[in-house]
1. Filter the range 192-212 for residues that are open to solvent by less than 10 Å² (accessible area, probe 1.4 Å) and under 13 Å from Arg273 (Cβ atoms) and give the result.
2. Those residues that are closer than 16 Å to Val294 by Cα, open to solvent by 20 Å² or more (accessible area, probe 1.4 Å) and of a type in the set (A, V, I, L, M, F, W, C), I need them from the range 240-266; list them, please.
3. How many of the residues in the range 143-199 are assigned to a helix (DSSP H, G or I) and within 15 Å of Phe219 (Cα to Cα)?
4. Does the range 192-225 hold any residues that are of a type in the set (Ser, Thr, Tyr) and at pLDDT 90 or above, and which are they?
5. From Val214, Val210, Val148, which residue is under 30 Å from His295 (Cβ atoms) and not acidic (Asp, Glu)?
6. Restricting the range 213-232 to residues that are open to solvent by 20 Å² or more (accessible area, probe 1.4 Å) and of a type in the set (Val, Ile, Thr), which is farthest from Asp126 (Cα to Cα)?
7. Check Asp153, Asp146 and return the single one that is among the charged types (D, E, K, R) and modelled with pLDDT of 90 or more.
Amino acid sequence: AGPGLAGPWSTVISFSGSQDSEWVVAKVDPPSTGRWWRLFIVSNWGASDYVWLHGLALRISQEAGEAGPAPDGDGSADAKGADQPAGEAEGAAKALEGEAAEEDANKREDWDAHKRWTQADLRKMDEGWDQTRGYQKLLFHALFVDRVLFLEDKPYIDYSWHSVEQYTVDFLKQSGEMGWSLDFDPNFFCELAYEGFNPTSIEIPSDGDVMVQVLTPCFEPERNVLECLATHVGRKARRRAKRYALSVDAAYDEVMLGCIRQHGEGWLYRGERCTLRKLRKRGYTGTRDIKLVVHSFELWDDRGELVAGDLGYMLGGVY
């Protein structure tokens, strides 16, 4: 609901998305001049009420040769074009079209860059990274509280000053499902997981090219549980499974890279990646009785190629 949203709607594009983080390109025919657009999801790969949608970005471009908007006034020409020879005006228009096309191509290339990442790229991005500390952390906290509306209603926690146990008690008194922090201490991650949070992450752009890593502990009241030993596997699935082999902790880095190539960084941003790597090496070293172990699962085909994988952690008897 909202201004301009009432009344009938007409469908100008029907499309099917093929993969996360990809643009869907479709021609609007006939051209639409409407100001308001909405996305109606007919089906999704989850349950009927499950929508994994971070946002809808609509980019409208005009193909070369298409007529633009009608000029103002008597329609003869714009002020610039009236004093310009036809050949020069046409050349200038083509140059502008070329620049616009090149800019669009560069944007698409940047948008899909994660699909071409290598292990060397990941190591270069993550090498030497450390979380914000001290005065710098205080500055970013104040800046985000004041300027980032997304974090406005989400409870903040500083591992240096707050108890994770008390934070959990206070968190459950409010209705939201996500909090935030600028801490990526491995022990902090473990204590959040032990209390029932799923510690994911986002990154927020700051000055220049600085991307500030933000931990976003999620607490979902309802979750799915798979009892592995009680799960029935049909004959058809068993026959198909003969072509594959499952391994554990055999190719952690390859699985992480595969997740990013397929889905983009999503919640698996630099801070989260570094924290998980540290936990793989030394685990929890705090004062509480917590045993958290990070794992990777790999699925290999009969040619020895990695075709699927999963990252996660074991906490007690739960993965």
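The values are calculated or read from the model by the stated rules, or taken from the named source; none is laboratory data. Every value quoted in this text rests on a predicted model; they were computed, and no experiment measured them. Here the Cβ is made from the backbone with ideal geometry for all residues, glycine too, and neighbour counts use every protein chain on show. SASA here: full protein model, heavy atoms, side chains in, ligands and nucleic acids out. Shrake-Rupley method; radii C 1.70, N 1.55, O 1.52, S 1.80 Å.
1. Across the range 192-212, the qualifying residues are Pro199, Ser201.
2. Across the range 240-266, the qualifying residues are Val248, Ala250, Cys259.
3. Number satisfying all stated conditions: 15.
4. Tyr194, Thr200, Ser201, Thr216
5. Values: Val210 fails: under 30 Å from His295 (Cβ atoms); Val148 fails: under 30 Å from His295 (Cβ atoms).
Testing whether each residue is under 30 Å from His295 (Cβ atoms) and not acidic (Asp, Glu) leaves just Val214.
6. Top of the filtered list is Thr231.
7. Values: Asp146 fails: modelled with pLDDT of 90 or more.
Going through Asp153, Asp146 in turn, the sole match is Asp153.
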